[in-house]
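Note sheet for the following structure.
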Amino acid sequence: MDPNASIDGSGGSFYVLGDQQIYQPDSTRPGRGVYIGGTFMYASPNVASITQYDEARAYWVGPFDSRPSDMISLVWAHNDISKYVAATPFNPLTGVGVAPFTNTYTASYAARLAAGTYLTVGLSYSDHPSVRYFQGEGSALNFVSSLTLVF
């Protein structure tokens, strides 16, 4: 790890994603059920500040007979920070350094409000909530929500 190295713009990236249904409670509704999945994304450390993203997820589509289009999900995500960025030394004068990774755990519920309209709410916990590390920095617990409109 050379702290004097520069990002030169050359490099590559790749990704692999996959999901598999592991439980189907009703064969007449094949989309409903429990799924597990994973993601691995990589970018060369000399072109990206976040060089690796790993994710493991489990989700249940149609968890209730009365709500067949809703979804409950649990997600773990891990980011690795570029060795060039992470090589930045901790500065005791400013109290700022760089965390080598971040982890986030999220539990959420997506409710179908109408055709093409979904409201998602959840909780997300991060053990290193930013790439920059500040002395005394703690973890983050966030309430997350989104409204999605599909046309």
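The values are calculated or read from the model by the stated rules, or taken from the named source; none is laboratory data. Nothing here was measured: the structure is a model prediction, and the numbers come from that model. Cβ coordinates were reconstructed from backbone atoms using ideal geometry, including for glycine residues, and neighbour counts include every protein chain displayed.
Can Asp70 be described as over 22 Å from the mean Cα position of the chain (by Cα) and closer than 28 Å to Ala110 by Cα?
Numbers: over 22 Å from the mean Cα position of the chain (by Cα): no; closer than 28 Å to Ala110 by Cα: yes.
It is false that Asp70 is over 22 Å from the mean Cα position of the chain (by Cα) and closer than 28 Å to Ala110 by Cα.
Those residues that are at pLDDT below 80 and part of a strand (DSSP E or B), I need them from region 107-133; list them, please. Of everything in region 107-133, those that are at pLDDT below 80 and part of a strand (DSSP E or B) turn out to be Arg132, Tyr133.
Filter the strands (runs of 3 or more DSSP E) completely within region 1-106 down to those with at least 1 residues that are closer than 25 Å to Leu141 by Cα and at pLDDT 95 or above.
Numbers: elements: 13-23, 33-43, 50-61, 71-81, 96-98.
The strands (runs of 3 or more DSSP E) meeting that bar are 33-43, 50-61, 71-81.
Restricting to region 10-29, and then to whatever is out of contact with any Phe, Trp or Tyr (no Cβ under 9 Å at 6 or more places or on another chain) and more than 16 Å from Val75 (Cβ to Cβ), can you tell me which residue is surrounded by the fewest Cβ atoms within 10 Å (Cβ to Cβ)?
Only one residue fits best here, namely Thr28.
Out of all the residues in region 38-58, which are of a type in the set (Gly, Ala, Ser), surrounded by fewer than 17 Cβ atoms within 10 Å (Cβ to Cβ) and without any contact (Cβ under 8 Å) to a residue 40 or more places away in the chain? Those that are of a type in the set (Gly, Ala, Ser), surrounded by fewer than 17 Cβ atoms within 10 Å (Cβ to Cβ) and without any contact (Cβ under 8 Å) to a residue 40 or more places away in the chain: Gly38, Ser44, Ala56, Ala58. Pairing each residue of region 88-103 that is among the small types (Gly, Ala, Ser) with any residue that is surrounded by 11 or more Cβ atoms within 10 Å (Cβ to Cβ) and assigned to a strand (DSSP E or B), provided the two are 6+ apart or on different chains, yields C-beta distances under 6 Å for Gly95/Phe134; Gly97/Tyr133; Ala99/Tyr133. State whether one or more residues within region 68-85 are loosely packed, with under 13 Cβ neighbours inside 10 Å and of a type in the set (S, T, N, Q). No.
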